[in-house]
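No lab work stands behind these numbers, since they all come straight from the coordinates. Everything numeric in this text was worked out from a predicted model, so none of it was measured. A quick note on method: Cβ atoms are made from the backbone with ideal geometry, for glycine too, and the neighbour counts reach across all protein chains shown.
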């Protein structure tokens, strides 16, 4: 079968590899689509950071060249013992594999499992014609949810988990700092919130996207507007502030915008050190909370339910490419900075099908 295999920074090869085979509790999925995210691009440009190219992953045991792809859907072609109920089903995979037995798993926090690993990052994933996955992280896609929507389920589930971690109550005012990819999924997950939601960004196009997703109020950030001036504009502050950008200075801004006794939710990843004065947060009892990945059993079904009745692909997907064009038209396109949304790889029909989906997206936009 064909698969996109990462060998090193900038070295992604479309190769013929052996078909995998499911074991007990596993399914073999014929992949139809796989979405790409910033993590995939980072591994391609700067990696390995999470992909175990040179030393074995402590939980998956995998080491060496790795098939990327953790946002995938497909049709179950074969099943091991205990997974036969998924045969022939169209499924979306949560990608994160948990042991189910450790303290965190017992507490329902499978994303923090002591033995956690991720398909497409810690072991072979879905940028291939076929992939093996544990059956318990695969969720049947409703008939009314087309592939181009269902492929967004895994990142949307991350948005749902972020909202869950925030502990938002009806009537709370909410701010979203940054409306890139993850900000858009958090915004979509807030669709039923009964309260004020404001999206902040430096890019007007992203704020236009926020409005299309359903966020009714936006604010364009400028270089001339410092944190004190911004707080003066939003004097009452917000009950909950999400930092979905991960840029330097964003947490300090989030604290400034948070109402006394409110909550800051750190979603974006900032791996660069920065000075952060916490006296104000301590004196006003600002709660600081973090969020990572999703809890598949609850967040994936919620994402698929939303996508079944509220199509997001025309808003969030830039283009669809065939697996055979993944290098230049997917990864190189994403690293060029030209992408205006997600890139989806069609693993089923290669070039022609990708062009057909892209034409549909252009017409619906």
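See the values below:
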quantity	calculated
Cα centroid separation, region 278-300 to region 18-84 (Å)	29 Å
Considering only region 162-290, percent of DSSP beta bridges that pair antiparallel, nearest 5	0 percent
In nm, spacing of pseudo-spin labels at residue 275 and residue 106 (7 Å Cα→C-beta vector)	4.6 nm
Whole-number percent relative contact order across region 162-290, with pairs defined as alpha carbons under 8 Å at least 6 apart	24 percent
Order by protection proxy (mean Cβ within 10 Å, highest first), peptides 170-181, 96-107	170-181, 96-107
Sorted by Cβ density within 10 Å, fewest first, the residues 226, 143	143, 226
Residue-span extension gain [residue 164 to residue 309] - 0.36 nm each, minus C-alpha spacing	50.1 nm
Folded to 0 to 90 degrees: helix 350-364 orientation relative to the chain principal axis, Cα	30 degrees
Listed peptides 62-71, 201-210 by packing density, highest first (mean Cβ within 10 Å)	62-71, 201-210
Gyration tensor verdict on region 162-290 (Cα atoms; rounded if a/c is under 1.5, prolate if a/b is larger than b/c, oblate otherwise)	rounded
For the chain, share of DSSP beta bridges that run antiparallel, in % to the nearest 5	55 percent
Using alpha-carbon coordinates, inclination of helix 204-213 to the longest axis of the chain, degrees	70 degrees
Cα long-axis angle, helix 296-309 against the chain (0 to 90 degrees, to the nearest 10)	90 degrees
Computed [θ] at 222 nm, helices only, for the chain once each DSSP H run of length n ≥ 4 contributes -39500 (n - 2.57)	-8000 deg cm²/dmol
Global form of region 1-137, assessed from the alpha-carbon gyration tensor, a/c cut-off 1.5	oblate
Length-normalised contact order of the chain in % [C-alpha pairs under 8 Å, at least 6 apart]	17 percent
Residue order, fewest to most surrounding Cβ atoms within 10 angstrom, among 190, 312	312, 190
